[in-house]
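One structure is given here, and the rest of the page talks about it.
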Amino acid sequence: MDLVFADPPAPETPLRAAMRDAHRLDETAADARILAAAEVPAEARERIAATARRLVETVRRERVGKGGLDAFLHEYVLSSPEGVALMCLAEALLRIPDAETVDKLIRDKIAGADWQSHLGHSGSLFVNASTWALMLTGRLLRQESDNDLGDVLRRLVARSSEPVWRQAVTAAMRILAGQFVMGRTIEEALDRAREPERHGYRYSYDMLGEAARTMPDAERYHAAYAHAIAAIGRAAAGKSVEAAPGISVKLSALHPRYEIAQHDRIVRELLPSLLGLAQQARNAGVGFTIDAEEADRLEPMLDLVEALALAPELRGWDGLGLAVQAYQKRALPLIDWLADLARRAHRRLMVRLVKGAYWDTEIKRAQERGLDGYPVFTRKVATDVSYLACAKRLFAAGTALYPQFATHNAHTLAAVLELSGGRTTNRDDWEFQRLHGMGEALYDEIVGPDKMNRPCRVYAPVGGHEDLLAYLVRRLLENGANTSFVNRIVDERAPIDEIVADPVARLAALPQKPHPKIPLPRDLFQPERRNSRGIDLADPRALVNLHAGLAEALRQPARAAPIVSGRELAGTEEPVFDPSDRRRQVGRVVAAQPETIENALARAARAAPSWNGTPAEERAAILDKAADLYEENRAALMALIIREGGRTIPAALSEVREAVDFLRYYAARARADFAVPQRLPGPTGEHDEIGLYGRGVFACISPWN
């Protein structure tokens, strides 16, 4: 039985190999690659800076009275107390099922914030309306009695069947939601898009909702996508696929097990569903873009994209697209792979270039899993450089790709205009993109015949407010920090020279390319100890190596027997069977007899004083050596755990890593706590110290879980 693959993996092509080489590449080497790929002549850099400066100056001059999320994020920087309160509310309301707890949370987060200081501060009606709702709530919760308003509001609370503060916060969140969501239904969104479309904007609609948990969830999302494609198709009648509105699809919404571990199943179950939607989009004449998700999902996504691109049913249609995340180290070779796929399929593929919205998740996952490196750049400036390198590569692909540049950054926008090399006359040659509710002031200087006449497609979420919050949190985290370009472009205190600074020059000047405050996963607990090594179970190469290691381990018959005084004892051997398949023998075991146990305990008792006298450093070194041996023999230990315990591969890996972590942790504690006595405070001048010593022999009955 194969523990890793149901079928042998497909041979690795050179372009897929290049992606895998880059996936967790040393960051200094990865930065060198993107710096070389993003380089432009000095005169081009000067033109880019001048264009970016002109855009920022225009946006600042004309932003008065503008609404939208730009204004909101400028007023409520998320590092402020009010910004933190809003984020806590938005994130927590995702998970709170009952009104009582909601009320307690609102009381805690809203009452102490200074909302009144923001009232009238912004020229945006949207921001002031949100502030009124939040200030009203804060007054209610503090129960101010120093003026008539407080008395009126308290009487209103007493009469209300539902707490007024919950109504007020709900109103504030609804105002905020309205800026993020294009419409509650696709019909409402299409109707709202008509006026911007007349001014030169295009749209790509995203049906709100997170990953499917069950097949009924997936079927519901599939129906929503199908309904949306039909409605968008009616609105797109007569337009080219480039000019027509499109739809963005999340594969995780279409299958509850969209992961590499279920590769065969998603090809069998998800591909037909996806192909059906793509055929519907083709027949409707609309674009069909597969959204980028976490790095773990890229490998199966590429297999599905390749199958769609080569499908005879979609021949001759240029509406198939994929989002590429510039913060991933493999973004450049991914673009090369897409260009090659387009040429093999004799079609043009749409490529939406984004910077990436899951950075925090990618960093934390790599650290938790003890992986060899990060799939993303640890510095924001490196992502900006990678974006420019990817933009050059997209233009270099010629007619194989239709580039779609999603950015709210004036320097990036100016660089794309420069890199286009004069390809500005054909509106179906390439386009910009932005998020609904953001970047409006910036793109009003780009879109339209009286401006630069470049098309910009708006990524427009569609859905009810109950589906909004996960998306809202992701967007606020991405764009709400005070270092975000969305904030800085309208912040008069931020020098324009800093905002439009060349990221290539900034990255090249850094003496240390990786972020100094983000250690590699293996160094997460340093200087105390090393992190336990994990395996990237979403990496096909790692899976091939694991497969070989497990297969080799299972060829060796397992045997266990008591070891006393360093000598393995003989005895009657009993078979041990795999609990997941009782027909399969794992190995044989010799049980310890009562006299063996007595002998072992007696010897341990005699050795205890000597062991206690062994220096702490020597004892710690033994634990560290045991941890190293566990890691060296990881595949053999995992194979035994899988067979003897009927465990899955991730569970077996976690068990080995936990053992390694325990050993290294207690080695570190031994060095800290057992080496020398610790001095304690002496309030009356006495000399107090505490020392830790062994207590003799004890028995440990480990849990079986």
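The values are calculated or read from the model by the stated rules, or taken from the named source; none is laboratory data. Not measured: the values here are computed from a predicted model. Methodologically, a virtual Cβ is constructed for each residue, glycine included, from the backbone with ideal geometry; neighbour enumeration extends over all protein chains shown.
Remarks
- Number of positions in the stretch 560-607 that are closer than 30 Å to Leu692 by Cα, aliphatic (A, V, I, L, M) and exposed (fewer than 14 other Cβ atoms within 10 Å of the Cβ): 6
- Qualifying residue in the stretch 499-513 (condition: within 25 Å of Leu298 (Cβ to Cβ), outside any helix (DSSP H, G or I) and modelled with pLDDT of 95 or more): yes
- Subset of the stretch 521-549 (residues that are touching a helix residue (DSSP H, G or I) at 6+ places or on another chain (Cβ under 9 Å) and of a type in the set (D, E, K, R)): Glu528, Arg529, Arg530, Arg533, Asp536, Asp539, Arg541
- Pick from the stretch 187-242, criterion assigned to a loop (DSSP other than H, G, I, E, B) and touching a helix residue (DSSP H, G or I) at 6+ places or on another chain (Cβ under 6 Å), ranking: surrounded by the fewest Cβ atoms within 10 Å (Cβ to Cβ): Glu210
- For the stretch 517-525, the criterion of being touching a residue at least 60 places away in the same chain (Cβ under 8 Å), under 30 Å from Ile48 (Cα atoms) and in a loop (DSSP other than H, G, I, E, B) is satisfied by no residue at all.
- Across the stretch 680-699, a minimum of one residue is classified as without any contact (Cβ under 8 Å) to a residue 12 or more places away in the chain, closer than 30 Å to Arg647 by Cα and surrounded by fewer than 13 Cβ atoms within 10 Å (Cβ to Cβ).
- Hits in the stretch 646-657 - residues which are within 14 Å of Leu550 (Cβ to Cβ) and either at pLDDT below 90 or surrounded by 17 or more Cβ atoms within 10 Å (Cβ to Cβ) (or both): Arg647, Ile649, Ala652, Leu653, Val656
- Residue among Pro683, Pro677 that alone is out of contact with any Asp or Glu (no Cβ under 6 Å at 6 or more places or on another chain) and assigned by TED's automatic domain parsing to the domain that holds Pro615: Pro683
- Every test in (1) in contact (Cβ under 8 Å) with a residue 24 or more places away in the chain; (2) under 28 Å from Pro14 (Cα atoms); (3) among the hydrophobic types (A, V, I, L, M, F, W, C) is passed by Val416 save one, and that test is (2).
- The listed residue being closer than 25 Å to Ala558 by Cα and out of contact with any His (no Cβ under 9 Å at 6 or more places or on another chain), out of Ala635, Ala602, Ala608, Ala621: Ala635
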